[in-house]
Amino acid sequence: MKAAISSFVSSKNLNLQHSTSALSRSTLFHPNSNAISRRPSIPTSIPTKTHTRFGLTKKSHIHTTSFSSIMASSYNPEQARSPPAIPLPTPPVTKFKIGLCQLSVTADKERNIAHARKAIEEAAGKGAQLVLLPEIWNSPYSNDSFPVYAEDIDAGADASPSTAMLSEVSRLLKITIVGGSIPERSGDRLYNTCCVFGTDGKLKAKHRKIHLFDIDIPGKITFIESKTLTAGQSPTIVDTGICYDIRFQELAMIYASRGAHLLCYPGAFNMTTGPLHWELLQRARAVDNQLYVATCSPARDAGAGYVAWGHSTLVGPFGEVLATTEHEETIIIAEIDYSILELRRTNLPLQKQRRGDLYQLVDIQRLNSQ
């Protein structure tokens, strides 16, 4: 199960509408296009410049033959990950459909839960085997609301009606649900928490948002999540990250080195950072780590205290936008093909080219567990 579950990661932005309208706005990447195939010829010797501490000095030439031998003997790519990266596991399912449910969220918690259930059922009815919900889908996104809407997930169904619904519907529909996130109460602390439920309805993982959303852009937006929420302390092998986590490339690199196929980020970017960074960050995380990235956001409510950007998206391992939408409530259905990952990693063998002699990513949690 690890291979299958490790490929499911949380993301942001999705809502309800007809899936064909969302997919009609999809952008596809064509690897065989003329623009890609035209490449300049590579000279047998590569002009370069030597550097001093103060800048450029003299020109020199490095011959490709000696350059290759230096790579083989000195680069030590296997040492660029500590512990060494886990080879990409073979998943039990190569192709499957993912559903991104970009939901409208109101102040009515019971309505939000019923509405999310209906969206999940609709996505499954359209063939989705994995369904992703937005960040904070059962509550308004505000520091005032988090304590009021928070649920004690560990205390069971009566104390957490939101996760009880996710458990039941995943079992009945035989699908995997990355349940966006909800405010979680644990003792005297609050967390922004994502729960993942398997096809048997059992909780496979619970991920608490690691990087809290504290932002202050004068005249644009100020939101200090840490006023009410506590940061999570560890990555989750079911590979979930929430909203702000997408900004931290090291976390995505750790997931990739653990053998993840897909990173899911339930998120709620705002009207300032959304148009600037939302798609950019998704494509960067995907292309840097050569895997799929899925995000799911709440639908936009212009009258809310916090206005979400929307634009839930699926990005492929070459950074190509496979499916996306605008800001309205909708459901996106798109296909993921894990067989492409190995092809892309062969096309661009980054894992074999990392400079283990110069830098290293240390996965502290894995290192300490050995």
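Observations, loosely collected:
- Glu326 being at pLDDT 95 or above and touching a strand residue (DSSP E or B) at 6+ places or on another chain (Cβ under 8 Å): no
- When region 99-144 is filtered for residues that are out of contact with any Leu (no Cβ under 9 Å at 6 or more places or on another chain), at pLDDT 95 or above and of a type in the set (Ser, Thr, Tyr), the ones remaining, listed by number, are Thr106, Ser139.
- Selected residue (criterion: nearest to the chain's Cα centre (by Cα)) from residues of region 126-149 that are surrounded by fewer than 24 Cβ atoms within 10 Å (Cβ to Cβ) and without any contact (Cβ under 8 Å) to a residue 60 or more places away in the chain: Gln129
- Yes/no for Gly310 being at positive phi and in contact with a helix residue (DSSP H, G or I) (Cβ under 7 Å, 6 or more places away or on another chain): no
- In region 321-370, residue farthest from Gly267 (Cα to Cα) [restricted to those that are touching a residue at least 12 places away in the same chain (Cβ under 8 Å) and of a type in the set (Gly, Ala, Ser)]: Gly356
- Residue tally, condition open to solvent by less than 60 Å² (accessible area, probe 1.4 Å), modelled with pLDDT of 95 or more and not in a helix (DSSP H, G or I), over region 153-175: 2
- Considered as a group, the residues in region 87-119 that are open to solvent by less than 30 Å² (accessible area, probe 1.4 Å) and under 19 Å from the mean Cα position of the chain (by Cα) include one that is nearest to Leu350 (Cα to Cα), and that residue is Pro91.
- Hey, Lys204 open to solvent by less than 10 Å² (accessible area, probe 1.4 Å) and at pLDDT below 95 or not: no
- Selection of region 90-117 for residues being among the small types (Gly, Ala, Ser), assigned to a helix (DSSP H, G or I) and more than 16 Å from Val178 (Cβ to Cβ) yields only Ala114.
- Listed by first and then second residue, the pairs with beta-carbon distance under 8 Å, at least 6 apart or on different chains, first residue in region 194-216 and closer than 21 Å to Gly156 by Cα and of a type in the set (S, T, N, Q), second surrounded by 19 or more Cβ atoms within 10 Å (Cβ to Cβ) and at pLDDT 90 or above, are Thr199/Ser170; Thr199/Ile175; Thr199/Thr176.
- When residues of region 207-216 are limited to those that are part of a strand (DSSP E or B) and at pLDDT below 70, the one least open to solvent (accessible area, probe 1.4 Å): Ile215
- Sub-7 Å Cβ pairs linking a first residue in region 81-109 that is at negative phi and charged (D, E, K, R) to a second residue that is surrounded by 12 or more Cβ atoms within 10 Å (Cβ to Cβ) and outside any strand (DSSP E or B), at least 6 apart or interchain, are Arg81/Ser257; Lys97/Gly127; Lys109/Asn138; Lys109/Ser139; Lys109/Tyr149, ordered by first then second residue.
- Those residues of region 341-370 which are hydrophobic (A, V, I, L, M, F, W, C), within 17 Å of Ser74 (Cα to Cα) and open to solvent by less than 90 Å² (accessible area, probe 1.4 Å), in sequence order: Leu350
The values are calculated or read from the model by the stated rules, or taken from the named source; none is laboratory data. Please read these numbers as outputs of a predicted model, since none were measured by experiment. In this analysis, Cβ positions are derived from the backbone assuming ideal geometry, glycine residues included, and neighbour counts consider all displayed protein chains. Accessible surface areas use protein heavy atoms only, side chains included; no ligands, DNA or RNA. Shrake-Rupley method; radii C 1.70, N 1.55, O 1.52, S 1.80 Å.
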